[in-house]
Amino acid sequence: PYETFYRDELCRTYLQVALKTNDETWIQKAYVEANNTLRLIPEHFMGFFHLGLIHQFLAERFGRDTADNAIAWYEKAIDADPFQSVFHSNLASLYIKKGELDRAIEELRKAYLIRQDDLNVVYRLANAYLQKGDLEHAVIFARKSVKLNPAEPGYYNSLGAILSQKGMYEEAIPAFGKAIEL
């Protein structure tokens, strides 16, 4: 177990260096470590997750056709441990890029149920619902974004914009005012 943990940390570090440098060599090193953890523990959820990250990174930064592989790895990670918010959140990102808003919202809602204080997930849910045209849910999550971080003017602005789209101008005005004040 210690070796698996150490390899997970090494893989995570390789991925961080790859993100910082955009150097594919570090991705290859991360790939080796993720596979090493799966050799040690074949159903290791972090190994699956890291392989999902690797394929997502290859798709997003290097234009490789690996998004479907990333989805498959994230699904395996979720099957192994369904209670990791980040697994659902990353899967949602891929679905959004594919234009599959309903699936993205489903994954973001799962992430939200696991970590209701995750501002990133809450804000992304508001935006996903807005993109879908579901203003009722968009307002709910925009308000939660403001509640989670009342010092961020962008969240008030987003809330105001959604309220305006709903025709709720009396509520939109104070939201925009707060954004300006901040």
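Could you tell me whether any residue of the range 90-100 is β-branched (Val, Ile, Thr) and out of contact with any Phe, Trp or Tyr (no Cβ under 8 Å at 6 or more places or on another chain)?
Within the range 90-100, the first condition is being β-branched (Val, Ile, Thr), and the residues that meet it are 96.
This time we only want the ones that are out of contact with any Phe, Trp or Tyr (no Cβ under 8 Å at 6 or more places or on another chain), so: 96.
Scanning the range 90-100, I find at least one residue that is β-branched (Val, Ile, Thr) and out of contact with any Phe, Trp or Tyr (no Cβ under 8 Å at 6 or more places or on another chain), so the answer is yes.
I need a count of the residues in the range 34-59 that are open to solvent by 20 Å² or more (accessible area, probe 1.4 Å), more than 19 Å from residue 90 (Cα to Cα) and part of a helix (DSSP H, G or I).
Here the count works out to 5.
Report whether or not residue 3 is under 16 Å from residue 73 (Cα atoms), modelled with pLDDT under 95 and either open to solvent by 70 Å² or more (accessible area, probe 1.4 Å) or within 23 Å of the chain's Cα centre (by Cα) (or both). Give the steps one after another, and end with the answer.
On the way: under 16 Å from residue 73 (Cα atoms): no; modelled with pLDDT under 95: yes; either open to solvent by 70 Å² or more (accessible area, probe 1.4 Å) or within 23 Å of the chain's Cα centre (by Cα) (or both): yes.
Answer is no for this residue.
Is there a residue being closer than 19 Å to residue 85 by Cβ and surrounded by 16 or more Cβ atoms within 10 Å (Cβ to Cβ) anywhere in the range 153-166? Can you show your working first?
Narrowing the range 153-166 to residues closer than 19 Å to residue 85 by Cβ: none.
Checked against the condition, which is being closer than 19 Å to residue 85 by Cβ and surrounded by 16 or more Cβ atoms within 10 Å (Cβ to Cβ), the range 153-166 yields no hits at all.
May I ask you to list the residues in the range 155-176 that are touching a Gly at 6+ places or on another chain (Cβ under 8 Å) and either of a type in the set (A, V, I, L, M) or modelled with pLDDT under 95 (or both)?
172, 173, 175 - these are the residues of the range 155-176 that are touching a Gly at 6+ places or on another chain (Cβ under 8 Å) and either of a type in the set (A, V, I, L, M) or modelled with pLDDT under 95 (or both).
Could you please let me know if residue 83 is among the hydrophobic types (A, V, I, L, M, F, W, C) and not in a helix (DSSP H, G or I)?
On the way: among the hydrophobic types (A, V, I, L, M, F, W, C): yes; not in a helix (DSSP H, G or I): yes.
Yes; evaluated as a whole, the condition is true for this residue.
Limited to the range 96-148, what total is found for residues that are outside any helix (DSSP H, G or I) and surrounded by 14 or more Cβ atoms within 10 Å (Cβ to Cβ)?
Taking the range 96-148 and keeping what is outside any helix (DSSP H, G or I), we get 98-100, 115-118, 133-134.
Cutting the leftovers down to surrounded by 14 or more Cβ atoms within 10 Å (Cβ to Cβ) gives us 100, 115, 118, 134.
Residues flagged as outside any helix (DSSP H, G or I) and surrounded by 14 or more Cβ atoms within 10 Å (Cβ to Cβ) within the range 96-148 amount to 4.
The values are calculated or read from the model by the stated rules, or taken from the named source; none is laboratory data. Quick caveat: nothing in here was measured; it's all calculated off a predicted structure. Positions of Cβ are backbone-derived with ideal geometry, glycine not excepted, and every protein chain shown enters the neighbour counts. With ligands, DNA and RNA removed, areas are computed over all heavy atoms of the protein, side chains included. Shrake-Rupley method; radii C 1.70, N 1.55, O 1.52, S 1.80 Å.
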